[in-house]
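> To start, I am sharing the structure in question, which I have written as structure tokens.
Please treat every number below as a calculation from the coordinates, not as lab data. Since the structure is predicted, the reported quantities are computational estimates derived from the model, not experimental observations. In this analysis, Cβ positions are derived from the backbone assuming ideal geometry, glycine residues included, and neighbour counts consider all displayed protein chains.
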Amino acid sequence: MKKFELIDFPYFSDEKGETIPFEFDENFPFEVKRVYLITGKDSIVRGEHAHREEKEVFVAASGSVKAVVNDGSGDQEIILDQKNKGLLVHNHCWHEFKNFSDDAVLLCFSSTHFAERDGYIEDKEKFLK
């Protein structure tokens, strides 16, 4: 089973602007316990871990960022640059983010409250074993 996938959110656009609703109902892939934002710089890598329990959805609310995910089958790169496309990352899936555009803001939805580091796998070699 793949431990990551792209998911679509509703998108509405007219002459006034855009609306992208994120409904926390039975269609969302998990019960959301936390929402947070990530910014970065082009030369910085963020994330670089997997979670033992936590699941997350990442959306480029502004700009673009390159996600690198690995569920044990090799690194795969995904460009996040659409406000209505989310990257769902299940637990036990390595994820990292790089190549942030200057205006990049990553909107993140989590299945857990902020965790201590013991819920993280931060050594990629250990993760791959």
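> What do you get for chymotrypsin sites (Phe, Trp or Tyr not before Pro) in the range 39-115 restricted to DSSP loop and a cutoff of at most 16 other Cβ within 10 Å of the site's Cβ? Intermediate results must be reported in sequence, preceding the final value.
Values: sites: PHE58, TRP94, PHE97, PHE100, PHE109, PHE114; in loops: PHE100, PHE114.
For chymotrypsin sites (Phe, Trp or Tyr not before Pro) across the range 39-115 that sit outside H, G, I, E and B with at most 16 neighbouring Cβ atoms in 10 Å, the list reads PHE114.
> Total Lys pairs in the chain closer than 15 Å by alpha-carbon, pairs eight or more apart in sequence or interchain only?
8
> Pick from ASP75, ASP103, ASP25 the residue whose mean-square fluctuation is largest in a GNM of the chain, springs joining Cα atoms under 10 Å.
The residue that fluctuates most here is ASP25.
> For the range 4-128, what does the equivalent ellipsoid look like in terms of its semi-axes, each the square root of 5 times an eigenvalue of the Cα gyration tensor, given largest first in whole Å?
Semi-axes, largest first: 24, 18, 13 Å.
> Within 10 Å of each candidate Cβ there may be at most 13 other Cβ atoms; applying that plus a DSSP loop requirement, which GluC sites (Glu not before Pro) in the range 16-67 survive?
GLU23, GLU26, GLU31, GLU53
> So, counting K/R as plus one and D/E as minus one, what does the shell of residues with Cβ under 14 Å around PHE97 add up to?
-3
> For every helix of n ≥ 4 consecutive DSSP H residues, a contribution of -39,500 (n - 2.57) applies; sum these over the chain, divide by its total residues, and give [θ] at 222 nm rounded to the nearest 500 deg cm²/dmol.
-500 deg cm²/dmol
> Here's a follow-up. Starting from the 7 Å offset along Cα-to-Cβ, what nm value, one decimal, do you get for the label separation of GLN82 and LYS16?
2.4
> Positive end of the dipole of the chain, charges at C-beta (+1 Lys, Arg; -1 Asp, Glu), about the Cα centre: which of VAL65, PHE127, VAL45 has its Cα farthest in that direction?
Result: PHE127.
> Nearest 20 debye, what's the magnitude of the dipole of the chain about its Cα centre given +1 on Lys and Arg Cβ and -1 on Asp and Glu Cβ?
Once rounded to the nearest 20, the dipole reads 340 debye.
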